[in-house]
Amino acid sequence: MNNSSKLSTRSTAKILSGTHNERTAHTVTDSPYIVRTIDELQKRVRKALKKTQQELNAQATEESPAGQSSLGFVPTMGALHDGHATLIRRAREQNEVVLVSVFVNPLQFGPNEDFDRYPRQLENDVALATEAGADIVFAPAVEEMYPAGAPLITVSSGKLGTMFEGKTRPGHFDGALTVVNKFFNILTAVRGKHSIYAYFGQKDAQQLSLVQRMVHDFNHSVIIKPVSIVREDNGLALSSRNQYLSSEERENALVLSRTLALLREKEITGRISESDLDMAREKINSTPGIRLDYLEVVDPMTFETPTENSQQVLALVAAYVGETRLIDNMELH
Ligand SMILES: Nc1ncnc2c1ncn2[C@@H]1O[C@H](COP(=O)(O)OP(=O)(O)OP(=O)(O)O)[C@@H](O)[C@H]1O
Ligand SMILES: CC(C)(CO)[C@@H](O)C(=O)[O-]
Ligand code: BAL
């Protein structure tokens, strides 16, 4: 089976079972912030940009002429936490209009992944998003995004999309980029002269890198704004999937960020050797209930082994904590 037929099979299966957003829709109050359709979204964004532009123009003086109002866009899968809130707050600081999307995209889940059990809590999400500064929350049903079922034409994430996360989750990045591509097209269609800034967390470092590549390769008129990882005080990277962890698993999961921090200390005092990495892998694997997927040091431009010319070096980790798969990373220099 070639890649595209594999993707369309898994996508169709997921889309047929993708009724959760619909179900959630009935329980959410008619919040003025929530938009359900692409058409309504485009109208609201266009109107909000126009209105904020008029406000900027009204405040303008000869010494300080009006700039263009801009749209800050934060794409999410919901189950929002303080990591998302940080992205939204950043978008609020930097833009006149802030849009958050909440969409559990079936296309980026494999057949044995957690699409069905992924937490859906739209009411809480709207409260958190608006508290953090969102003007509009776009929460479409699966059928709104994929009215004809799995799309025939999808984004291919290339070699980078088959490494690390893409190796364990085949098709994941094609699915994620396909929906991000759709969001960008929907929004750029109504942006006029206004800029769009899209906020992505560095927790999903490979996704961020792929989105940046897609913007470049597809000439999207969207500026990508990376946001640093938000952690609990104990170092655990915030993640919607942390909700799956028992208190014991939460404690065990700390080995991930602690191991990354140890590697960072090692990097400060010299280069990390293969045996340092092996010891770090062993430390994670010997923690009760944890099974390492990968721990590697890469150049985040390529996700290949860093070279002397690498501007940045990133340590990446993915591991199963019980049944829950978590990812984390840390910049070493
Ligand atoms: N701890 C965090 N710090 C910074 N950004 C984050 C953090 N967690 C998520 N994000 C960012 O929020 C955006 C939406 O991510 P998503 O809704 O998948 O949340 P998540 O917590 O990563 O969920 P999951 O448990 O599925 O990994 C992405 O750009 C992601 O990188
Ligand atoms: C970017 C994204 C919203 C696309 O579904 C998702 O991959 C995520 O939440 O990181
Ligand atoms: N933030 C990653 C989305 C996913 O795991 O599908």
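The values are calculated or read from the model by the stated rules, or taken from the named source; none is laboratory data. All of these numbers come straight from a predicted model, not from anything done at the bench. Here the Cβ is made from the backbone with ideal geometry for all residues, glycine too, and neighbour counts use every protein chain on show. Calculation scope for accessible area: heavy atoms of the full protein, side chains included, ligands and nucleic acids excluded. Shrake-Rupley method; radii C 1.70, N 1.55, O 1.52, S 1.80 Å.
Could you tell me whether any residue of the stretch 252-261 is under 13 Å from the mean Cα position of the chain (by Cα) and either of a type outside the set (S, T, N, Q) or surrounded by fewer than 19 Cβ atoms within 10 Å (Cβ to Cβ) (or both)?
There is no residue in the stretch 252-261 that is under 13 Å from the mean Cα position of the chain (by Cα) and either of a type outside the set (S, T, N, Q) or surrounded by fewer than 19 Cβ atoms within 10 Å (Cβ to Cβ) (or both).
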Filter result (open to solvent by 60 Å² or more (accessible area, probe 1.4 Å) and among the aromatic types (Phe, Trp, Tyr)) within the stretch 194-234: PHE218
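From the set of residues in the stretch 195-217 that are of a type in the set (Val, Ile, Thr) and part of a helix (DSSP H, G or I), which is farthest from VAL74 (Cα to Cα)?
Filtering the stretch 195-217 for residues of a type in the set (Val, Ile, Thr) gives 196, 211, 215.
Of the ones still in play, those that are also part of a helix (DSSP H, G or I) are 211, 215.
Values: VAL211: 13, VAL215: 15 Å.
Step by step, filter the stretch 195-217, then rank; the result is VAL215.
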Complete set of residues in the stretch 168-192 that are within 30 Å of LEU295 (Cα to Cα), touching a residue at least 40 places away in the same chain (Cβ under 8 Å) and assigned to a helix (DSSP H, G or I): THR168, HIS172, PHE173, ASP174, GLY175, ALA176, THR178, VAL179, VAL180
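Any residue at all in the stretch 42-64 that is within 14 Å of ligand 3 (Cβ to nearest atom) and in contact (Cβ under 8 Å) with a residue 40 or more places away in the chain?
Quick first cut of the stretch 42-64, residues within 14 Å of ligand 3 (Cβ to nearest atom) only: none.
Among the residues of the stretch 42-64, not one is within 14 Å of ligand 3 (Cβ to nearest atom) and in contact (Cβ under 8 Å) with a residue 40 or more places away in the chain, which makes the answer no.
Restricting the stretch 35-80 to residues that are among the β-branched types (Val, Ile, Thr) and in contact with a helix residue (DSSP H, G or I) (Cβ under 7 Å, 6 or more places away or on another chain), which is nearest to ligand 1 (Cβ to nearest atom)? Give the steps one after another, and end with the answer.
Of all residues in the stretch 35-80, those among the β-branched types (Val, Ile, Thr) come to 35, 37-38, 45, 52, 61, 74, 76.
If we keep only those that are in contact with a helix residue (DSSP H, G or I) (Cβ under 7 Å, 6 or more places away or on another chain) too, we end up with 35, 37-38, 45, 74, 76.
Numbers: VAL35: 18, THR37: 21, ILE38: 20, VAL45: 19, VAL74: 7, THR76: 4 Å.
Here the answer is THR76.
When you scan the stretch 66-154 for helices (runs of 4 or more DSSP H) that lie fully inside it, which ones turn up with 3 or more residues that are buried (at least 20 other Cβ atoms within 10 Å of the Cβ)? Break it down stepwise before answering.
Details: elements: 82-94, 122-132, 142-145.
Result: 82-94, 122-132.
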Residue within the stretch 219-239 that is among the hydrophobic types (A, V, I, L, M, F, W, C), in a helix (DSSP H, G or I), more than 16 Å from ligand 3 (Cβ to nearest atom) and under 27 Å from the mean Cα position of the chain (by Cα) present: no
